[in-house]
Amino acid sequence: MRLHAIVDELETARLAVEGGATVVQWRLKVVPRIDVVERGRATRSLCARHGVTFVVNDDVEAALLLGADGVHLGRSDEGAERAREHGLLLGLSASTVDEAKEATLADYIGAGPVWPTPSKTDADPPVGLEGLHAICAAVSAPVVAIGGIGASNAADCIRAGAAGVAVIRAARDAAALRRAVDEAL
């Protein structure tokens, strides 16, 4: 749970795994399921070879087709019950304490955005470290902070109570992120 690298291509996944990512989340937006699966096979294989948890974003069926370890679902995504039925690790998104409390099926909660992020144009307003801390304190599931996180502020998220951080833009800098997270734990 310490470092989720959210990727959309193999080379970034490779750099993230080599840098110490503990989870690789395969995230292809607005792409047909068949393309998510076809393009995800090499990344799935990379993760399996290195013992890194492989999670598919938003699509339980694609996760099952890829033999993924888990799936991460946003608040509007369906399939949480199906994911649980198939034994997939289940991550659910939350941007408020109430949403986090409602995520009772989650194995972990992706909380944020902590700070503004250009990676998700429809993101909720940033929760900041106070909001992250409140979410972490309200639930027993591990919380993974997301949104505007890099090596310079990852430790702040851990100190606020997060079990780990998730990054998109900083995925290629996994080694520096992993050091920051490990030092804060």
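Here are the numbers for the structure shown:
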read-out: Index of the failed condition, Trp26 passing every other in (1) open to solvent by less than 10 Å² (accessible area, probe 1.4 Å); (2) in contact with a Gly (Cβ under 6 Å, 6 or more places away or on another chain); (3) over 29 Å from Ile158 (Cβ atoms); value: (3)
read-out: Which listed residue, of Asp107, Asp122, is open to solvent by 20 Å² or more (accessible area, probe 1.4 Å), within 26 Å of Glu78 (Cβ to Cβ), touching a strand residue (DSSP E or B) at 6+ places or on another chain (Cβ under 8 Å) and not β-branched (Val, Ile, Thr); value: Asp107
read-out: Of the criteria (1) at pLDDT below 95; (2) more than 17 Å from the chain's Cα centre (by Cα); (3) closer than 25 Å to Gly70 by Cα, which one Glu102 fails; value: (1)
read-out: Residue tally, condition under 22 Å from Asp107 (Cα atoms) and of a type in the set (Gly, Ala, Ser), over region 1-54; value: 5
read-out: Selected residue (only one of Ala5, Ala16, Ala21 is part of a loop (DSSP other than H, G, I, E, B), hydrophobic (A, V, I, L, M, F, W, C) and closer than 28 Å to Arg178 by Cα); value: Ala21
read-out: Single condition Glu183 does not satisfy, out of (1) open to solvent by 30 Å² or more (accessible area, probe 1.4 Å); (2) farther than 14 Å from Val23 by Cα; (3) under 16 Å from the mean Cα position of the chain (by Cα); (4) not polar (S, T, N, Q); value: (3)
read-out: Any pair with Cβ under 7 angstrom, 6 or more apart, that starts in region 6-35 at a residue that is under 17 Å from Ala145 (Cα atoms) and ends at one that is crowded, with 17+ Cβ neighbours inside 10 Å and of a type in the set (Asp, Glu); value: Arg27/Asp8
read-out: Extreme residue, least open to solvent (accessible area, probe 1.4 Å), among residues of region 126-140 that are touching a Gly at 6+ places or on another chain (Cβ under 9 Å) and not in a helix (DSSP H, G or I); value: Val127
read-out: Subset of region 62-112 (residues that are among the small types (Gly, Ala, Ser) and part of a strand (DSSP E or B)); value: Gly70, Gly91, Ser93, Ala94, Gly110, Ala111
read-out: Residue among Ala145, Ala123 that alone is closer than 13 Å to Ser93 by Cα and part of a loop (DSSP other than H, G, I, E, B); value: Ala123
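The values are calculated or read from the model by the stated rules, or taken from the named source; none is laboratory data. Note that this is a predicted model, so its numbers are computed, not measured. Don't worry about glycine lacking a Cβ; one is built from the backbone with ideal geometry, like all the others, and counts go over all protein chains shown. Quick note on the areas: whole protein, heavy atoms, side chains included, nothing else; ligands and nucleic acids left out. Shrake-Rupley method; radii C 1.70, N 1.55, O 1.52, S 1.80 Å.
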